[in-house]
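Here the structure is laid out as structure tokens; the discussion comes afterwards.
The values are calculated or read from the model by the stated rules, or taken from the named source; none is laboratory data. Nothing here was measured: the structure is a model prediction, and the numbers come from that model. In this analysis, Cβ positions are derived from the backbone assuming ideal geometry, glycine residues included, and neighbour counts consider all displayed protein chains. What goes into the accessible areas is simple: the full protein's heavy atoms, side chains included, and nothing from ligands, DNA or RNA. Shrake-Rupley method; radii C 1.70, N 1.55, O 1.52, S 1.80 Å.
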Amino acid sequence: MTSLSAADHDPSSTPGEDDGDAPVQEARRWRANGWTAQVIKNEDDDGWAVSMTQHGQSEPALVGPWTMGRDKKNPKPLDTSAFSTLVKTASEVLRRHEQQLQAQLHREIEVEAGPAGQRMRVTLDITPDEDNPRAELRAYDEAGDEQGHARVSPGFRLTRASAIAWIDSGYARPR
């Protein structure tokens, strides 16, 4: 992993700048479209790295190797094309991270259950909170109408068996 100091990736750390959102197009630093790219010395080896930080964030969304220039000593300068590619890549990293977080916090399963063996959709939504984490279990019929609701532990495992058992219990709070 690339070692960085706070000044290396903090978009507001350049001395003498008044406007943190003003466009910058320098060889080792570009800022535009809500992003800052900063080419930095890779402290782990002789190479260079680039960090991409979204404005308003303290940590970079992306840190990766950066190409050496022709002299094999200094980094290749940033340009419009490289910056656009970096913005696209960093945005994709953030999007995937959000999708992964959403997948961890929301689960959904369809089962056939109840006295009529009707098709039901059961959801588990987890609300992470340091002081009061919680989770909500809900059941919906084929028309999308909520049939049952229970507050459960954030560690509750939603499986076909647990969903069917909950529905068959008349939506009693699972233990």
Given (1) over 20 Å from the mean Cα position of the chain (by Cα); (2) open to solvent by 70 Å² or more (accessible area, probe 1.4 Å); (3) touching a residue at least 40 places away in the same chain (Cβ under 8 Å), where does residue 134 come up short, assuming only one miss? (3)
Would you call residue 96 farther than 30 Å from residue 30 by Cβ and either out of contact with any Lys or Arg (no Cβ under 6 Å at 6 or more places or on another chain) or open to solvent by 30 Å² or more (accessible area, probe 1.4 Å) (or both)? no
State all residues of region 65-111 that are closer than 30 Å to residue 163 by Cβ, within 17 Å of the chain's Cα centre (by Cα) and of a type in the set (Asp, Glu); if no residue qualifies, say none. 98
Checked pairs for region 163-174, first farther than 10 Å from residue 122 by Cα, second part of a helix (DSSP H, G or I) and of a type in the set (Ser, Thr, Tyr), C-beta under 7 Å and 6 or more apart or across chains, list as 174/162
Apart from one, (1) open to solvent by 50 Å² or more (accessible area, probe 1.4 Å); (2) assigned to a loop (DSSP other than H, G, I, E, B); (3) under 22 Å from residue 103 (Cβ atoms); (4) not aliphatic (A, V, I, L, M) all hold for residue 174; the odd one out is (1)
Anything in region 112-130 that is within 33 Å of the chain's Cα centre (by Cα) and among the charged types (D, E, K, R)? List them, or say none. 119, 121, 125, 129, 130
Between 136, 146, which is out of contact with any His (no Cβ under 6 Å at 6 or more places or on another chain), of a type outside the set (Gly, Ala, Ser) and within 11 Å of residue 120 (Cβ to Cβ)? 146
Output for region 17-76, where each listed residue is among the aliphatic types (A, V, I, L, M), in contact (Cβ under 8 Å) with a residue 24 or more places away in the chain and either assigned to a loop (DSSP other than H, G, I, E, B) or more than 12 Å from residue 90 (Cα to Cα) (or both): 27, 32, 39, 40, 49, 61
Failed condition for residue 101, given (1) of a type in the set (A, V, I, L, M); (2) out of contact with any Ser or Thr (no Cβ under 9 Å at 6 or more places or on another chain); (3) crowded, with 17+ Cβ neighbours inside 10 Å, with all others met? (3)
Yes or no: region 60-68 includes at least one residue that is modelled with pLDDT of 90 or more, open to solvent by 50 Å² or more (accessible area, probe 1.4 Å) and in contact with a helix residue (DSSP H, G or I) (Cβ under 8 Å, 6 or more places away or on another chain). yes
Name the one entry in 19, 8 that is exposed (fewer than 15 other Cβ atoms within 10 Å of the Cβ) and at pLDDT below 85. 19
Residues that are over 16 Å from residue 163 (Cα atoms) and of a type outside the set (Val, Ile, Thr): does region 118-129 have at least one? yes
